[in-house]
Amino acid sequence: FLDFSQDPSKGWVILKENLPVPDNFQSYFKIGNLGFISYSGAYSKDKVFPFLQEACSWLGNQTDISSAYILGHWNDDGLGCPSGMEVPSIHASVENIEGCKGLGDKLGYFMGHTHCNVVKEKGLGFMVAGMGMEGCGNFGVPIVDSTSGTTKVYYYPIQDVNVEGSDKYSDVVGCFESKGVGSCQDLAMVWA
């Protein structure tokens, strides 16, 4: 399952660390009719691209995928992410790989790093990193729902320190507990 052959204590001179093998941080999977490809932007393209080609090939062979998403950490390069490995760049590259290129606007992405929960590219790209850390000051729950035959991305805002009276924790959690997530869409923002 995990490869521990890379000793993290024997590392780079500058960063004083050594990255584990990329396979420990990349996967592709399906939940219902949604496909997901996750990768780590800490590695160079030559280390990650063979995996992305394999993942897109797998995705292209799935007959019941309504939408798919690239999942990664970095929204910008730097701070551990080489140029071209941030999620928007990988999304643009993956769109040209066999198996993924036919998905068009059904291939979106989720990313983090900058502590904000915002839509970055209408209907396609979402930053979901405002989970209590300083940054934009917002916290909420993103939900991808494909039960109606079309894929929707809902964002349930819980708190925004920049908006007076925005504490919706009790409302959202209470609704989730009493009615289930699918019956609480009136409390959500539709992101896609």
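The values are calculated or read from the model by the stated rules, or taken from the named source; none is laboratory data. Worth saying up front: this structure is predicted, and the values here are computed from it rather than measured. Using ideal geometry, Cβ is built from the backbone for each residue, glycine included, and neighbour counts are taken over all protein chains shown.
Can you tell me how many residues within the range 107-118 are aliphatic (A, V, I, L, M) and without any contact (Cβ under 8 Å) to a residue 24 or more places away in the chain?
Of the range 107-118, the ones aliphatic (A, V, I, L, M) are 107, 111, 118.
With the extra rule that they be without any contact (Cβ under 8 Å) to a residue 24 or more places away in the chain, the set shrinks to 118.
Selection size over the range 107-118: 1.
What are the residues in the range 68-99 that are at pLDDT 95 or above and among the aliphatic types (A, V, I, L, M), if any?
Within the range 68-99, Ala68, Ile70, Leu71, Met85, Val87, Ile90, Ala92, Val94, Ile97 meet the criteria.
Among Asp76, Asp160, which is the only one that is surrounded by 14 or more Cβ atoms within 10 Å (Cβ to Cβ) and not assigned by TED's automatic domain parsing to the domain that holds Phe36? Full working, then the answer.
Working: Asp76 fails: not assigned by TED's automatic domain parsing to the domain that holds Phe36.
Residue meeting the stated conditions: Asp160.
State yes or no: is Tyr155 surrounded by 15 or more Cβ atoms within 10 Å (Cβ to Cβ) and either over 18 Å from Gly41 (Cβ atoms) or in the same structural domain as Trp58 (by TED's automatic domain parsing) (or both)?
Working: surrounded by 15 or more Cβ atoms within 10 Å (Cβ to Cβ): yes; either over 18 Å from Gly41 (Cβ atoms) or in the same structural domain as Trp58 (by TED's automatic domain parsing) (or both): yes.
Yes, satisfied.
Which one of Gly180, Gly125, Gly174, Gly102 is at pLDDT 95 or above, within 23 Å of Phe51 (Cα to Cα) and of a type in the set (Gly, Ala, Ser)? So that I can check it myself, show each step before the final result.
Working: Gly180 fails: within 23 Å of Phe51 (Cα to Cα); Gly174 fails: within 23 Å of Phe51 (Cα to Cα); Gly102 fails: at pLDDT 95 or above.
Every option except Gly125 fails the conditions.
Which of the residues that make up the range 130-139 are without any contact (Cβ under 8 Å) to a residue 24 or more places away in the chain and surrounded by 16 or more Cβ atoms within 10 Å (Cβ to Cβ)?
Taking the range 130-139 first, the residues without any contact (Cβ under 8 Å) to a residue 24 or more places away in the chain are 130-135, 139.
Matches in the range 130-139: Gly130, Phe139.
Just to be sure I understand, how many residues within the range 67-95 are within 24 Å of Lys106 (Cβ to Cβ) and either of a type outside the set (Ser, Thr, Tyr) or in contact with a strand residue (DSSP E or B) (Cβ under 7 Å, 6 or more places away or on another chain) (or both)?
Filtering the range 67-95 for residues within 24 Å of Lys106 (Cβ to Cβ) gives 67-75, 84-95.
Now drop any that are not either of a type outside the set (Ser, Thr, Tyr) or in contact with a strand residue (DSSP E or B) (Cβ under 7 Å, 6 or more places away or on another chain) (or both), which leaves 67-75, 84-88, 90-92, 94-95.
Going through the range 67-95 one residue at a time, the tally reaches 19.
Kindly indicate which of Gly165, Gly104, Gly99, Gly180 is free of Cβ contacts under 8 Å to residues at least 12 places away in the same chain, at positive phi, assigned by TED's automatic domain parsing to the domain that holds Ser57 and small (Gly, Ala, Ser).
Working: Gly165 fails: assigned by TED's automatic domain parsing to the domain that holds Ser57; Gly99 fails: free of Cβ contacts under 8 Å to residues at least 12 places away in the same chain; Gly180 fails: assigned by TED's automatic domain parsing to the domain that holds Ser57.
Only one candidate passes the filter, namely Gly104.
All but one of (1) free of Cβ contacts under 8 Å to residues at least 40 places away in the same chain; (2) in a loop (DSSP other than H, G, I, E, B); (3) not aromatic (Phe, Trp, Tyr) hold for His73; state the number of the condition that does not hold.
His73 satisfies all of (1) free of Cβ contacts under 8 Å to residues at least 40 places away in the same chain; (2) in a loop (DSSP other than H, G, I, E, B); (3) not aromatic (Phe, Trp, Tyr) except (1).
For the range 141-149, indicate whether the set of residues that are farther than 20 Å from Pro22 by Cα, surrounded by 14 or more Cβ atoms within 10 Å (Cβ to Cβ), of a type outside the set (Asp, Glu) and not assigned by TED's automatic domain parsing to the domain that holds Ala192 is non-empty.
No, there is no match, as no residue in the range 141-149 is farther than 20 Å from Pro22 by Cα, surrounded by 14 or more Cβ atoms within 10 Å (Cβ to Cβ), of a type outside the set (Asp, Glu) and not assigned by TED's automatic domain parsing to the domain that holds Ala192.
Just give me the residues in the range 53-70 being buried (at least 19 other Cβ atoms within 10 Å of the Cβ) and either outside the structural domain of Gly84 (by TED's automatic domain parsing) or farther than 22 Å from Gly123 by Cα (or both), in sequence order.
Scanning the range 53-70 gives a single hit, Ala55.
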